[in-house]
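J.: The structure that follows is given in the form of C-alpha coordinates.
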Amino acid sequence: MMNDRLISDTLRTLHEKAEADNLLRLEERKKAAAVGKVYGHRWETAYLAVGKPEGEFLYFIANVSGAKNIVEFGCSFGISTIYLAAAARNNGGHVITSDLEQNKVEGARHNLREAGLDNFVTILPGDAISTLSSIEGPVDLLFLDGAKELYLPVFNMLKPKLKRGAIILADNADKEEVREFNQLLTSAPDEYITSFLFDGRLLAATFI
Ligand SMILES: C[S@@+](CC[C@H](N)C(=O)[O-])C[C@H]1O[C@@H](n2cnc3c(N)ncnc32)[C@H](O)[C@@H]1O
(Lines give C-alpha, C1' and ligand atoms only; values in the text may rest on other atoms or scores of the structure.)
Protein backbone atom coordinates (compact mmCIF):
# COMPACT_ATOMS: atom_id res chain seq x y z
CA MET A 1 0.00 0.00 0.00
CA MET A 2 2.79 2.40 0.86
CA ASN A 3 3.79 2.17 -2.80
CA ASP A 4 0.54 3.96 -3.57
CA ARG A 5 1.48 7.61 -3.44
CA LEU A 6 -2.08 8.96 -3.13
CA ILE A 7 -2.80 6.75 -0.13
CA SER A 8 0.49 7.29 1.70
CA ASP A 9 0.41 11.08 1.17
CA THR A 10 -3.21 11.32 2.34
CA LEU A 11 -2.52 9.17 5.40
CA ARG A 12 0.60 11.13 6.33
CA THR A 13 -1.35 14.41 6.30
CA LEU A 14 -4.28 12.92 8.20
CA HIS A 15 -2.11 11.32 10.90
CA GLU A 16 -0.38 14.70 11.38
CA LYS A 17 -3.76 16.47 11.71
CA ALA A 18 -5.03 13.81 14.14
CA GLU A 19 -1.89 14.13 16.27
CA ALA A 20 -2.19 17.95 16.35
CA ASP A 21 -5.84 17.57 17.36
CA ASN A 22 -4.86 15.13 20.15
CA LEU A 23 -2.32 17.61 21.53
CA LEU A 24 -4.80 20.48 21.34
CA ARG A 25 -7.43 18.51 23.22
CA LEU A 26 -4.87 17.47 25.83
CA GLU A 27 -4.04 21.15 26.40
CA GLU A 28 -7.73 22.07 26.61
CA ARG A 29 -8.31 19.26 29.10
CA LYS A 30 -5.43 20.50 31.27
CA LYS A 31 -6.70 24.10 31.15
CA ALA A 32 -10.23 23.00 32.04
CA ALA A 33 -8.93 20.89 34.95
CA ALA A 34 -6.83 23.82 36.23
CA VAL A 35 -9.99 25.91 36.67
CA GLY A 36 -12.08 23.00 37.97
CA LYS A 37 -14.13 22.58 34.80
CA VAL A 38 -15.16 19.30 33.19
CA TYR A 39 -13.73 19.01 29.70
CA GLY A 40 -16.09 17.87 26.96
CA HIS A 41 -14.89 16.64 23.56
CA ARG A 42 -15.86 18.67 20.52
CA TRP A 43 -17.20 15.55 18.86
CA GLU A 44 -17.79 17.17 15.50
CA THR A 45 -14.08 18.02 15.06
CA ALA A 46 -12.18 15.44 17.15
CA TYR A 47 -10.33 12.87 15.02
CA LEU A 48 -9.95 10.21 17.75
CA ALA A 49 -8.33 8.09 15.06
CA VAL A 50 -6.35 4.86 15.12
CA GLY A 51 -2.59 5.40 15.12
CA LYS A 52 -0.39 4.35 12.22
CA PRO A 53 0.61 0.97 13.74
CA GLU A 54 -3.02 -0.01 14.36
CA GLY A 55 -3.99 1.26 10.92
CA GLU A 56 -1.29 -0.82 9.30
CA PHE A 57 -2.48 -3.82 11.27
CA LEU A 58 -6.03 -3.26 9.96
CA TYR A 59 -4.62 -3.16 6.44
CA PHE A 60 -2.50 -6.27 7.01
CA ILE A 61 -5.25 -8.40 8.54
CA ALA A 62 -7.85 -7.33 5.97
CA ASN A 63 -5.39 -8.23 3.22
CA VAL A 64 -4.23 -11.61 4.48
CA SER A 65 -7.79 -12.67 5.26
CA GLY A 66 -8.95 -11.67 1.77
CA ALA A 67 -11.89 -9.78 3.37
CA LYS A 68 -14.31 -8.44 0.79
CA ASN A 69 -17.36 -7.43 2.77
CA ILE A 70 -15.95 -5.09 5.41
CA VAL A 71 -18.10 -3.17 7.90
CA GLU A 72 -16.92 -0.37 10.16
CA PHE A 73 -18.73 1.36 13.04
CA GLY A 74 -17.42 4.96 13.36
CA CYS A 75 -15.29 6.36 10.52
CA SER A 76 -14.67 9.89 11.89
CA PHE A 77 -12.53 11.59 9.19
CA GLY A 78 -11.78 8.27 7.51
CA ILE A 79 -8.27 7.33 8.65
CA SER A 80 -9.10 3.72 9.62
CA THR A 81 -11.47 3.58 6.63
CA ILE A 82 -8.59 4.36 4.25
CA TYR A 83 -6.58 1.41 5.60
CA LEU A 84 -9.59 -0.90 5.28
CA ALA A 85 -10.57 0.42 1.85
CA ALA A 86 -7.02 -0.07 0.53
CA ALA A 87 -7.30 -3.76 1.45
CA ALA A 88 -10.86 -3.97 0.08
CA ARG A 89 -9.58 -2.66 -3.24
CA ASN A 90 -6.84 -5.31 -3.30
CA ASN A 91 -9.38 -8.01 -2.43
CA GLY A 92 -12.06 -6.92 -4.90
CA GLY A 93 -14.26 -5.90 -1.97
CA HIS A 94 -16.00 -2.92 -0.39
CA VAL A 95 -16.28 -1.13 2.97
CA ILE A 96 -19.53 0.05 4.52
CA THR A 97 -19.06 2.49 7.35
CA SER A 98 -21.13 4.93 9.38
CA ASP A 99 -20.72 8.09 11.42
CA LEU A 100 -23.12 10.21 13.40
CA GLU A 101 -21.50 13.57 12.60
CA GLN A 102 -22.36 15.00 9.16
CA ASN A 103 -19.22 17.14 9.19
CA LYS A 104 -17.08 14.01 9.64
CA VAL A 105 -18.98 12.11 6.95
CA GLU A 106 -18.20 14.92 4.52
CA GLY A 107 -14.58 15.04 5.69
CA ALA A 108 -14.19 11.27 5.30
CA ARG A 109 -15.69 11.40 1.80
CA HIS A 110 -13.22 14.12 0.86
CA ASN A 111 -10.25 12.20 2.34
CA LEU A 112 -11.24 8.96 0.61
CA ARG A 113 -11.42 10.83 -2.70
CA GLU A 114 -7.97 12.28 -2.05
CA ALA A 115 -6.65 8.75 -1.43
CA GLY A 116 -8.33 7.49 -4.61
CA LEU A 117 -10.46 5.04 -2.63
CA ASP A 118 -13.94 6.60 -2.72
CA ASN A 119 -15.25 3.92 -5.09
CA PHE A 120 -14.51 1.24 -2.50
CA VAL A 121 -16.46 2.76 0.40
CA THR A 122 -20.08 3.58 1.22
CA ILE A 123 -20.54 5.94 4.15
CA LEU A 124 -23.94 5.86 5.82
CA PRO A 125 -24.55 9.07 7.78
CA GLY A 126 -26.42 8.74 11.07
CA ASP A 127 -26.70 6.46 14.07
CA ALA A 128 -25.07 3.11 13.28
CA ILE A 129 -27.76 1.32 15.25
CA SER A 130 -30.13 2.14 12.43
CA THR A 131 -27.79 2.71 9.45
CA LEU A 132 -25.92 -0.58 9.85
CA SER A 133 -29.09 -2.57 10.55
CA SER A 134 -29.77 -2.91 6.84
CA ILE A 135 -26.36 -4.16 5.69
CA GLU A 136 -26.23 -7.45 3.90
CA GLY A 137 -24.11 -10.36 5.06
CA PRO A 138 -22.06 -12.37 5.07
CA VAL A 139 -19.64 -9.91 6.67
CA ASP A 140 -15.96 -10.91 6.45
CA LEU A 141 -14.50 -8.28 8.75
CA LEU A 142 -16.14 -6.02 11.33
CA PHE A 143 -14.26 -3.08 12.88
CA LEU A 144 -15.86 -1.42 15.91
CA ASP A 145 -14.63 2.10 16.66
CA GLY A 146 -17.74 4.20 17.37
CA ALA A 147 -19.25 5.06 20.76
CA LYS A 148 -17.86 2.44 23.14
CA GLU A 149 -21.14 1.81 24.96
CA LEU A 150 -22.62 0.79 21.59
CA TYR A 151 -20.08 -1.94 20.76
CA LEU A 152 -22.28 -4.58 22.36
CA PRO A 153 -25.62 -3.59 20.72
CA VAL A 154 -23.96 -3.02 17.32
CA PHE A 155 -22.18 -6.37 17.59
CA ASN A 156 -25.36 -8.20 18.64
CA MET A 157 -27.20 -6.61 15.74
CA LEU A 158 -24.54 -7.67 13.21
CA LYS A 159 -23.65 -11.09 14.62
CA PRO A 160 -26.23 -12.95 12.50
CA LYS A 161 -24.58 -11.41 9.44
CA LEU A 162 -21.01 -12.49 10.27
CA LYS A 163 -19.70 -15.35 8.21
CA ARG A 164 -18.00 -18.27 9.95
CA GLY A 165 -14.33 -17.29 10.18
CA ALA A 166 -15.16 -13.58 10.20
CA ILE A 167 -12.65 -11.25 11.84
CA ILE A 168 -13.87 -8.94 14.59
CA LEU A 169 -11.68 -6.00 15.58
CA ALA A 170 -12.48 -3.41 18.24
CA ASP A 171 -10.43 -0.36 19.17
CA ASN A 172 -10.39 1.04 22.73
CA ALA A 173 -10.81 -2.48 24.08
CA ASP A 174 -8.99 -1.44 27.25
CA LYS A 175 -11.80 0.94 28.27
CA GLU A 176 -14.30 0.18 31.01
CA GLU A 177 -17.28 0.92 28.74
CA VAL A 178 -16.47 -2.08 26.52
CA ARG A 179 -15.97 -4.61 29.34
CA GLU A 180 -19.30 -6.35 28.69
CA PHE A 181 -18.53 -6.64 24.98
CA ASN A 182 -15.08 -8.09 25.73
CA GLN A 183 -16.65 -10.56 28.15
CA LEU A 184 -19.15 -11.75 25.57
CA LEU A 185 -16.30 -12.83 23.30
CA THR A 186 -13.78 -14.06 25.88
CA SER A 187 -16.37 -16.12 27.75
CA ALA A 188 -17.29 -18.15 24.66
CA PRO A 189 -14.04 -19.85 23.54
CA ASP A 190 -16.03 -22.34 21.43
CA GLU A 191 -17.40 -19.44 19.39
CA TYR A 192 -14.55 -16.92 19.33
CA ILE A 193 -10.76 -16.99 19.42
CA THR A 194 -9.90 -13.66 21.02
CA SER A 195 -6.65 -11.76 21.53
CA PHE A 196 -5.80 -8.32 22.87
CA LEU A 197 -3.11 -6.48 20.89
CA PHE A 198 -1.36 -3.10 21.12
CA ASP A 199 -1.16 -3.12 24.94
CA GLY A 200 -4.78 -4.23 25.14
CA ARG A 201 -6.16 -1.39 23.05
CA LEU A 202 -7.25 -3.57 20.14
CA LEU A 203 -9.42 -6.65 20.48
CA ALA A 204 -8.90 -9.07 17.60
CA ALA A 205 -11.16 -12.10 17.37
CA THR A 206 -12.33 -14.75 14.94
CA PHE A 207 -15.85 -16.12 14.84
CA ILE A 208 -15.26 -19.89 14.59
C1 LIG B 1 -13.01 6.92 17.72
S2 LIG B 1 -13.84 7.80 16.49
C3 LIG B 1 -13.57 6.83 15.02
C4 LIG B 1 -12.17 6.96 14.49
C5 LIG B 1 -11.96 6.30 13.15
N6 LIG B 1 -12.34 4.90 13.18
C7 LIG B 1 -10.50 6.41 12.75
O8 LIG B 1 -9.69 5.60 13.23
O9 LIG B 1 -10.17 7.32 11.99
C10 LIG B 1 -15.51 7.42 16.88
C11 LIG B 1 -16.52 7.95 15.91
O12 LIG B 1 -17.77 7.30 16.14
C13 LIG B 1 -18.80 8.20 15.85
N14 LIG B 1 -20.02 7.73 16.50
C15 LIG B 1 -20.32 7.78 17.82
N16 LIG B 1 -21.53 7.25 18.05
C17 LIG B 1 -22.00 6.83 16.84
C18 LIG B 1 -23.20 6.21 16.41
N19 LIG B 1 -24.17 5.90 17.28
N20 LIG B 1 -23.34 5.91 15.12
C21 LIG B 1 -22.37 6.23 14.22
N22 LIG B 1 -21.21 6.83 14.58
C23 LIG B 1 -21.03 7.13 15.86
C24 LIG B 1 -18.28 9.55 16.35
O25 LIG B 1 -18.92 10.62 15.67
C26 LIG B 1 -16.79 9.43 16.04
O27 LIG B 1 -16.48 10.08 14.83
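The values are calculated or read from the model by the stated rules, or taken from the named source; none is laboratory data. Bear in mind that the values here come from a model prediction, so they are computed numbers and not experimental data. Ideal geometry is used to build each Cβ from the backbone, glycine not excepted, and the neighbour counts take in all protein chains shown. These area figures cover heavy atoms from the full protein model, side chains too; ligands, DNA and RNA do not enter into them. Shrake-Rupley method; radii C 1.70, N 1.55, O 1.52, S 1.80 Å.
J.: Here are some residues: 103, 90. Which one is more than 22 Å from residue 170 (Cα to Cα) and in contact with an Asp or Glu (Cβ under 6 Å, 6 or more places away or on another chain)?
T.: Numbers: 90 fails: in contact with an Asp or Glu (Cβ under 6 Å, 6 or more places away or on another chain).
Among 103, 90, only 103 is more than 22 Å from residue 170 (Cα to Cα) and in contact with an Asp or Glu (Cβ under 6 Å, 6 or more places away or on another chain).
J.: Here's a follow-up. Checking residue 47 against (1) farther than 25 Å from residue 197 by Cβ; (2) free of Cβ contacts under 8 Å to residues at least 40 places away in the same chain, which single condition isn't satisfied?
T.: It fails just one condition, (1).
J.: Only one of (1) small (Gly, Ala, Ser); (2) modelled with pLDDT under 95; (3) within 13 Å of the ligand (Cβ to nearest atom) fails for residue 74. Which number is that?
T.: Just one mismatch for residue 74, condition (2).
J.: Looking for whichever is without any contact (Cβ under 8 Å) to a residue 12 or more places away in the chain, among the small types (Gly, Ala, Ser) and not in a helix (DSSP H, G or I) here; the options are 40, 116. Which one fits?
T.: Only one candidate passes the filter, namely 40.
J.: Moving to a separate point now. What tally of residues in the range 65-81 results from selecting those that are open to solvent by less than 10 Å² (accessible area, probe 1.4 Å), touching a Lys or Arg at 6+ places or on another chain (Cβ under 9 Å) and assigned to a strand (DSSP E or B)?
T.: So the answer is 1.
J.: Looking at the range 86-105, I want the residues that are over 18 Å from residue 55 (Cβ atoms) and have a partner that is open to solvent by less than 60 Å² (accessible area, probe 1.4 Å) and among the acidic types (Asp, Glu) with Cβ atoms under 8 Å, at least 6 apart or on another chain. Which pairs are those?
T.: As it stands, the answer is 96/72; 98/72; 105/99, since those pairs meet every condition given.
J.: Would you point out the residue of the range 28-37, among those that are part of a helix (DSSP H, G or I) and farther than 24 Å from residue 102 by Cβ, that is farthest from the chain's Cα centre (by Cα)? Step through it out loud before you land on a result.
T.: Applying the first criterion (part of a helix (DSSP H, G or I)) to the range 28-37 yields 28-34.
Keeping just the survivors that are farther than 24 Å from residue 102 by Cβ gives 29-34.
On the way: 29: 24, 30: 27, 31: 29, 32: 29, 33: 29, 34: 33 Å.
That would be 34.
J.: May I pose another question? Of 136, 191, 114, 176, which residue is more than 12 Å from the ligand (Cβ to nearest atom), touching a helix residue (DSSP H, G or I) at 6+ places or on another chain (Cβ under 6 Å), open to solvent by 40 Å² or more (accessible area, probe 1.4 Å) and not aromatic (Phe, Trp, Tyr)? Give the derivation first.
T.: Numbers: 136 fails: touching a helix residue (DSSP H, G or I) at 6+ places or on another chain (Cβ under 6 Å); 191 fails: touching a helix residue (DSSP H, G or I) at 6+ places or on another chain (Cβ under 6 Å); 176 fails: touching a helix residue (DSSP H, G or I) at 6+ places or on another chain (Cβ under 6 Å).
One residue alone meets the criteria, 114.
J.: Is there any pair with a first residue in the range 1-27 that is assigned to a helix (DSSP H, G or I) and a second that is open to solvent by 40 Å² or more (accessible area, probe 1.4 Å) and among the polar types (S, T, N, Q) whose Cβ atoms are under 8 Å apart and which are 6 or more apart or on different chains, and what are they?
T.: The qualifying pairs are 21/45.
J.: Next question. Does residue 129 qualify as being open to solvent by 30 Å² or more (accessible area, probe 1.4 Å), touching a helix residue (DSSP H, G or I) at 6+ places or on another chain (Cβ under 9 Å) and outside any strand (DSSP E or B)? Break it down stepwise before answering.
T.: Numbers: open to solvent by 30 Å² or more (accessible area, probe 1.4 Å): yes; touching a helix residue (DSSP H, G or I) at 6+ places or on another chain (Cβ under 9 Å): yes; outside any strand (DSSP E or B): yes.
Yes: the conditions hold for residue 129.
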